[in-house]
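One structure is given below, encoded as structure tokens.
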Amino acid sequence: MNTVPSSLIVHPIFDPATWTVTYIVHEEGKKECAIIDSVLDYDPKSGRTDSKSAEKVIDYVQTHQLEVVWILETHAHADHMSGAAYLKKRLGGKTAIGEHITQVQRVFKNIFNLDSTFKEDGSQFDRLLKRDETLKIGNLTAKVMFVPGHTPACVAYQIADAVFVGDTLFMPDVGTARCDFPGGDARTLYGSVQRILSLPPETRLFMCHDYPPSERAVQFETTVSEQRLKNIHVHEGMTEERFIEIRQSRDKTLDMPVLILPAIQINIRAGELPPQESNGVSYLKIPLNSI
């Protein structure tokens, strides 16, 4: 593990509309930074996008005179649109995601019946990341952890004493990610969670979302130790078979995320809108009775 936790700055920006946390990560006194899991605002009633969430990121970066080197995704989110393309245009940096995004692209190219201009080779991103690959953020090193199960392409980023887990884990009283999306698998998720929970107990874990029970405020930082002790789905002593039973039973009760159909179409394009049609307008597709 990187040995500079005392100088690591993690700045969270919470989007209450989608319960999503975007992180800006940099080292104290250094200018290079990474942005993890950004948000492009979207109103499903009007079909209009907005950049209010991304502008908060831009404001922090510019106020602190930072240089964006990486715009990272933990996976192709189903609950919010990515602001990666907007931020890249405004701030620079390279977009990156786990290399198995190509599996997700192939599945959803078929579901949305996208034409041949959409490439399912991950080329929409600047870099496809391999297991245990490392990225430099100034003097910091980000290690790529493969954590599939929620989707086939999920990754986490280990930077110093912190791990940005995406949707793999939630706060202990919420549990773990659902596994009923195309390519999801509860057994695979269990193994991914165990890899995270095998890290030193003091390792800080940063959630991409929080869906808190009514009695507490939003939280998005915990530790390996706390997850091992208290996570309602994967605490110590929870067997793989029992976890699968709990996860599959729970998933059967869950509604689809409100933004899954629009969000996936944007996120498999690295945050870019679909190509404009002859009238200059971009369109999203809604497959009926398909998922």
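Here, each number is a calculation from the coordinates, and none is a lab measurement. Predicted model only: the values in this text are computed from it and were never measured. When we count neighbours, we look across all protein chains shown, and the Cβ atoms used for this are built from the backbone with ideal geometry, even at glycine.
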Return the aspartates and glutamates within reach of Lys119: Cα separation strictly under 19 angstrom, same-chain partners fewer than 8 residues apart disregarded; answer none if there are no such residues. Glu73, Glu99, Glu272, Glu277
What does the convex hull of the Cα atoms of segment 46-181 come to per residue, in Å³, rounded to a whole number? 150 Å³
Write down the radius of gyration of segment 195-291 and its Dmax, each obtained from C-alpha positions, in Å. 19.1, 59
Counted charge near Leu129, where neighbours are those whose Cβ lies closer than 15 Å (Asp, Glu -1; Lys, Arg +1): -1
Which entries in the list Lys56/Lys136; Lys56/Lys230; Lys88/Lys285; Lys30/Lys89; Lys88/Lys252; Lys143/Lys252 go over 30 Å, if you measure between the two C-alpha atoms of each? Lys56/Lys230; Lys88/Lys252; Lys143/Lys252
For the chain, the charge dipole (Cβ of Lys, Arg +1; Cβ of Asp, Glu -1; about the Cα centre) points to a positive end, and the Cα of Trp70, Phe125, Gln219 closest to that extreme belongs to Phe125
Under a plain spin-label model, where a point goes 7 Å from the Cα along Cα-to-Cβ, how far apart in nm are His11 and Arg195? 3.1 nm
Using the number of other C-beta atoms within 10 angstrom as an exposure proxy, rank Phe243, Phe164 with the fewest first. Phe243, Phe164
Return the inverse of the average 1/r over all pairs of distinct C-alpha atoms in segment 5-267, which is the Kirkwood hydrodynamic radius, in Å to one decimal. 18.6 Å
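Taking the number of other C-beta atoms within 10 Å as the exposure measure, put Cys154, Cys179, Cys33 in order starting with the fewest.
In increasing order of surrounding Cβ atoms, one gets Cys179, Cys33, Cys154.
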If R₀ is 22 angstrom, what is the calculated FRET efficiency for the pair Asp126 and Ser51, using the beta carbon separation as r and rounding to 0.05? 0.60
Simple label model, 7 Å out from Cα along Cβ direction - Ser116 to Glu202, nm: 5.9 nm
Between segment 219-287 and segment 50-64, the alpha-carbon center distance in angstrom: 24 Å
What relative contact order, as a whole-number percentage, does the chain give when Cα pairs under 8 Å and 6 or more residues apart are counted? 18 percent
In a shell of Cβ-Cβ distance under 15 Å around Arg269, excluding Arg269 itself, what net charge do Lys and Arg (+1) and Asp and Glu (-1) give? 0
How big is segment 147-238 by the Kirkwood estimate over distinct Cα pairs, in Å? 13.0 Å
With only Lys, Arg, Asp and Glu charged, each at its Cβ (+1 for the first two, -1 for the last two), find how big the charge dipole of the chain is about the Cα centre; round to the nearest 20 debye. 420 debye
With θ set to phi - 60°, apply the Karplus curve 6.51 cos²θ - 1.76 cosθ + 1.60 along segment 151-167 and write out the HN-Hα couplings as whole Hz, x wherever there is a Gly or Pro. 9, x, 10, 5, 10, 10, 10, 9, 10, 6, 9, 10, 10, 9, 8, x, 9
Estimated dipole of segment 183-287 in Debye, rounded to 20 [Cβ of Lys and Arg +1, of Asp and Glu -1, Cα centre]: 100 debye
Treat the count of other C-beta atoms within 10 Å as a stand-in for reagent exposure and order His26, His209 from fewest to most. His209, His26
Answer with one residue from Thr176, Thr239, Gln158: the one whose Cα lies farthest towards the positive end of the charge dipole of segment 5-267, charges on Cβ with Lys, Arg +1 and Asp, Glu -1. Gln158
